[in-house]
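Here's the structure we're looking at; comments come further down.
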Amino acid sequence: MTTRRRDSACAPGLLPLVGGTPRYASVASALAEDIAEGRLAVGGRLPTEQELSALFGVSRATVREALRRLRAAGLVEAEQGVGTRIIARHPRPTYEMAVQSLADLMGYASPTELLVEHRTRLVVDAALTELLGDGFGVEMLRLSGLRRPLGQSGPILSCVDMYIPAVFAALAERSELGRVPVYRLVEREVGVKVVDMRQDIAAIALTPEDAKRLEVPPGSPGLRIVRRFYGRRGRLLEATVNIHAAAPRFSYRIRTTAPENVS
């Protein structure tokens, strides 16, 4: 089994960095394209690490990181003593929040959009304070909806309740709301920067309504992720409650340093 031929200029160690893209990402992208277009067939096996290293002109550490990305996407799986088998032609529908720094904790690894279904004005009461972990007595605008990959009709990634202090409610009328986080709009339009973010993750049983919206069987396990964004002096700028189906559409990964010896 072979992949399509690469540019002969890509001599060992010289796979070009296109637009600053790491070499392991370029290798993963090229292999994923070969799988999607049928040059590498589902059910077959990828070339060995040594063969891929020579083909792309990169180190074996780079190849290993590229293969890890393909596994995370659900395209391949490792079989001990046999090699890497191709198990799907297209990546599974998964949202991954990849964290490489504290700043990344406040964003998304892949482009998504929030489809707002309902808008409600409220004052945070004791019960909502217990859920959010803050905000008692604060007048809020609550935006409720569904998050999905940007520009796609599905799959639904999460059910979302977003809480915006009334003083910032005008930002909810911005056309980019749902694609740009509210805290970034607050920073850009009001000049108030986020200095702290707190996050709580809990395992839950999905309600029948949430299970239906997430298109999973009733009673499925889920994850509730509550995030709170603060400015100086503990000023609450935004709070969100995200309900995810536990599998297969959500994974959470934290990495604060680059993989060792990966170029």
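Every number here is computed from the coordinates shown, using simple stated rules; none is lab data. What you are looking at is a predicted structure, and each value in this text was computed from that prediction instead of being measured. Positions of Cβ are backbone-derived with ideal geometry, glycine not excepted, and every protein chain shown enters the neighbour counts.
If neighbour count is taken as other Cβ atoms inside 10 Å, put Ser26, Ser175, Ser220 in order from fewest to most.
The order, fewest Cβ neighbours first, is Ser175, Ser220, Ser26.
Between the stretch 126-169 and the stretch 74-88, how many Å separate their Cα centres?
For the stretch 126-169 versus the stretch 74-88, the Cα centre distance is 39 Å.
Under 5 Å between amide H atoms, partner at least 5 residues away or on a different chain: which partners does Thr207 have, H built in plane at 1.01 Å?
Long-range HN contacts for Thr207: none found.
Residue by residue through the stretch 155-165, what is 3J(HN,Hα) from phi via Karplus (6.51 cos²θ - 1.76 cosθ + 1.60, θ = phi - 60°)? Round to whole Hz and write x for glycine and proline.
So the J values, rounded to whole Hz, are x, 6, 8, 6, 8, 10, 10, 10, 10, 10, x.
Looking only at Cα atoms, what is the convex hull volume of the stretch 127-190 per residue, in Å³? Intermediate results must be reported in sequence, preceding the final value.
Working: hull volume 6.4 nm³, N = 64.
Hull volume over Cα atoms, normalised by residue count, gives 100 Å³.
Mind checking the full-extension length gain between Gln80 and Met197? Use 0.36 nm per residue of separation minus the Cα-Cα distance, one decimal, nm. Please report the intermediate quantities before stating the final value.
On the way: separation 117, 0.36 × 117 = 42.12 nm, distance 4.10 nm.
Here the answer is 38.0 nm.
Please state the charge dipole magnitude for the stretch 18-86, taken about the Cα centre, from unit charges on C-beta atoms (+1 on K and R, -1 on D and E), reported in debye and rounded to the nearest 20. Walk me through the numbers before you get to the answer.
Working: 9 positive and 8 negative charges, 35 e Å.
Magnitude of the dipole: close to 160 debye.
Taking 8 Å as the Cα distance limit and 6 or more residues as the minimum spacing, I'd like the relative contact order of the stretch 18-86 as a percentage.
On the way: 62 pairs, mean separation 26.7, N = 69.
About 39 percent, as a whole number.
To make sure I understand, if each residue's beta carbon is the centre and we count other beta carbons within 10 Å, what order do Arg198, Arg68 fall in, fewest to most? It would help to have the intermediate numbers written out before the result.
Values: Arg198 13, Arg68 16.
So the residues, fewest neighbours to most, are Arg198, Arg68.
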